[in-house]
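Inspection log for the structure reproduced underneath, given as structure tokens.
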Amino acid sequence: MIYPDDRAIKAMEKYDQAEVYVSRAVVNTVYIDGSKISNIETKTDEGMMFRMSEGRRMGKSSVSLDSPGAAASCLEMADSVLRFSPENAAFKGYAQPGRAKIAAPDVWDRKAENITPEELRELAKCVIENCRVSIPRAQIRVSCIESRTVNGNGVDVGHRSTLVYGHFTSMADIDHPGEGMETFHGTHLTLDPVLIGRNLARKAEAAATCREFRGSEKLSMILPPSELGDMLISSVGSAVNGENRKYGRSLWKDSLGEKVASDCITMVDDPTVSAPLSCAFDDEGVPAERRPIIENGILRGFLRDTFCGDSTGNGMRRSSVEPQGAYDRTPTIKPLNLTVKPGSKNAEDIVAQTEKGILVEKFAWPEADELTGRFGLNVRCGYIIRNGEIAGVVNNALLMGNMLDAVANVEAVGNDPAQMGVVTVPTMSFSGTELVGN
């Protein structure tokens, strides 16, 4: 396992508190451009961040460990920052040692570790062969990540995982150009290139036959995991962020123990399963655990890092998408795997029970406002539902609502959970949104 340079370990003795974090990523990527494999590459990225404090003053620096003198330069730069930094009254110190609360999750795949360029090529080739429309740009990235956190309080913890990420776009031109998109997030090589290729074609062809929506209408919003994941993390994820609560930015700051969502909504932050950020210790060295967030609609907890105090083990540098550069990121609060408890209905059942609604296959960008939960998003491809049946496919319409209100007005929860970055969500239906067209 990777371990900090001896000079960094010794330098920690000079300060009231200090921490060194090192990470290494080996990244294998295959690129698709214009439905052709354009490049296959392997990159190695290794670096270090050193943080320290004297009283209330803090310093930090990070470097890529690409030369013999890099570690020494990092220590010198961090000390320079410390000398000139203002006092920070909010600083509460770095992590204290603790015992693991969960078993190490299954996040290492030997098949991913040993993947060859030929195997990457075959995965990309299979996607291309099963997509009957153009693939303008796509990539499959298979990475091995190692990290270690050591601080002067006695923390000394390491982590390693594999990360499999795929991002695919497609384009069809029938009545007009239409685009499709697929993503894959995981820790094991369970990516299905045949299904991805077929879904890319279906989505692009549907978007290429859309009609512009006219007028305006209040209706139900049905979101599949691909669109719901980012919508939830940008709204609910922000509302349960301990830093937002600390500074009064969260609309749920005073709602602990109160009802904030529908009775059918139960969410837990679950790092015990195979998910990109699952771990026994977070990137500050704090033990992680399965933690209830919303239980039958009742708010049960917030997520915190050491900056907020009383960390819940959610101080993360690593990304669920980008394996490189973890050493260059100061820890921030992230869910490890925010999981919505699935329901009993499949997507077809949810459509069948909907009187007036829209099933959104693709937003231009699926994201709600982090502070208010509001959204006004361009629908690139959506299926209009009338009396339980698909009545048409539309685009160029604005879907408006509020995700924090939406989770309190859930009509149905699907049984098809999918991993989308730091969240695992099923298809869900919400009331109280409005669709506005030309």
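The values are calculated or read from the model by the stated rules, or taken from the named source; none is laboratory data. Since the model is a prediction, treat every value here as computed from it, not as a measurement. Methodologically, a virtual Cβ is constructed for each residue, glycine included, from the backbone with ideal geometry; neighbour enumeration extends over all protein chains shown.
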Any chance Phe84 is among the hydrophobic types (A, V, I, L, M, F, W, C), farther than 28 Å from Thr312 by Cβ and modelled with pLDDT under 95: yes
Per-region count, segment 116-134, residues in a loop (DSSP other than H, G, I, E, B) and either within 24 Å of the chain's Cα centre (by Cα) or loosely packed, with under 14 Cβ neighbours inside 10 Å (or both): 1
Members of segment 223-277 that are assigned to a loop (DSSP other than H, G, I, E, B), hydrophobic (A, V, I, L, M, F, W, C) and closer than 30 Å to Leu189 by Cβ: Val273, Ala275, Leu277
Residue within segment 142-156 that is more than 25 Å from Asp305 (Cβ to Cβ), in contact with a strand residue (DSSP E or B) (Cβ under 7 Å, 6 or more places away or on another chain) and assigned by TED's automatic domain parsing to the domain that holds Lys36 present: yes
Top-ranked residue of segment 63-89 - restricted to ones that are of a type in the set (Gly, Ala, Ser) and surrounded by 13 or more Cβ atoms within 10 Å (Cβ to Cβ), ranked as farthest from Ser161 (Cα to Cα): Ser85
Considering residues of segment 181-238 that are within 30 Å of Leu251 (Cβ to Cβ) and of a type in the set (S, T, N, Q) only, the residue nearest to the chain's Cα centre (by Cα): Ser234
Hits in segment 191-221 - residues which are charged (D, E, K, R) and surrounded by fewer than 16 Cβ atoms within 10 Å (Cβ to Cβ): Asp192, Arg211, Glu212, Arg214, Lys218
Residue tally, condition touching a residue at least 40 places away in the same chain (Cβ under 8 Å) and in contact with a Gly (Cβ under 9 Å, 6 or more places away or on another chain), over segment 65-81: 2
Set Thr372, Thr332: member being surrounded by fewer than 17 Cβ atoms within 10 Å (Cβ to Cβ), under 26 Å from Met58 (Cα atoms) and at pLDDT 95 or above: Thr332
